[in-house]
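What follows is a short report on a single structure.
A short reminder: the numbers here are calculations on the coordinates, not readings from a lab. The structure presented is a predicted model; accordingly, all values stated were derived computationally and were not measured. FYI the Cβ positions are ideal-geometry reconstructions off the backbone, even for glycines, and counts take in every protein chain you see.
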Amino acid sequence: MSQPSDAATVGVNPEFWVKAVRSYWQGGGYRLTEPRQRMLDSMVAYAAPFSAEQLYADMQTVEVVAPGRATVYRTIEQLNGAGWLARIHTQSGEGYVPSFPGHLHHLVCTRCGKVVAFEGCALEGLVERLASQTDFMIEGHLLQLYGRCGECQRV
Ligand SMILES: [Zn+2]
Ligand SMILES: [Zn+2]
């Protein structure tokens with residue numbers, strides 16, 4: 001039995017994230033069109049989870065070469081599936097934040113929407129116990145913690 005490792009926060013550096021997604025697209029043979037590249041820049045600029053509709057609307061107002069609604073939705077779905085965007089449950093529904101492929105979970109501030117990713121959720125013991133108690137073949141889990149970030153506790 002492996003010892004559960006400590007939880008560690010994972011920061012998303014905007015420049016690094018944009019570069020990483022670009023090379024993921026290039027490696028997968030996807031075309032790096034201007035609207036798609038602009039979408040990445042817009043995604044990392046949000047301070048809180050964004051919805052597909054919000055990203056689409058925001059890009060119509062500021063971009064000369066704005067992507068169509070279908071492109072925005074498809075791109076978000078693709079990046080979420082590959083782990084480059086994480087789906088976050090918010091009070092108004094759900095939204096997305098830039099993330100990295102791998103086993104990550106998120107802390108979400110219910111006041112300002114700030115999201116912090118972490119790894120090392122250490123649920124293995126619980127999953128093993130539940131699997132043997134219930135005869136379920138457990139394939140995955142969802143975990144999101146919410147509360148107030150440091151800044152929002154002081155206001
Ligand atoms: Zn906050
Ligand atoms: Zn986990």
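Entry remark, the range 71-103: residues being within 16 Å of ligand 2 (Cβ to nearest atom) and in contact (Cβ under 8 Å) with a residue 24 or more places away in the chain number 5 in total. Of all residue pairs spaced 6 or more apart or on separate chains, those with beta-carbon atoms under 9 Å, a first member in the range 127-154 that is of a type in the set (S, T, N, Q) and a second member that is within 11 Å of ligand 2 (Cβ to nearest atom) are 144/105; 144/106. Identification of helices (runs of 4 or more DSSP H) wholly contained in the range 14-72 with 3 or more residues that are under 16 Å from the mean Cα position of the chain (by Cα) and among the aliphatic types (A, V, I, L, M) yields 14-27, 34-45. Pairing residues of the range 113-124 that are farther than 14 Å from residue 6 by Cβ with residues that are part of a strand (DSSP E or B) and away from ligand 1 (no atom under 16 Å from the Cβ), at Cβ distances under 6 Å and at least 6 apart in sequence or on separate chains, gives 117/10. Only one of the listed residues (62, 12, 72) is of a type outside the set (Gly, Ala, Ser) and in contact with a strand residue (DSSP E or B) (Cβ under 9 Å, 6 or more places away or on another chain). That residue is 12.
So, in the range 98-129, how many residues would count as being within 16 Å of ligand 1 (Cβ to nearest atom) and not hydrophobic (A, V, I, L, M, F, W, C)? Adding up the residues that qualify gives 5. When the range 41-96 is filtered for residues that are among the polar types (S, T, N, Q) and within 20 Å of residue 14 (Cβ to Cβ), the ones remaining, listed by number, are 42, 51, 54, 75, 78, 80.
Looking only at residues in the range 130-152 that are hydrophobic (A, V, I, L, M, F, W, C) and near ligand 1 (Cβ under 10 Å from one of its atoms), the one that is nearest to residue 120 (Cα to Cα) is 149.
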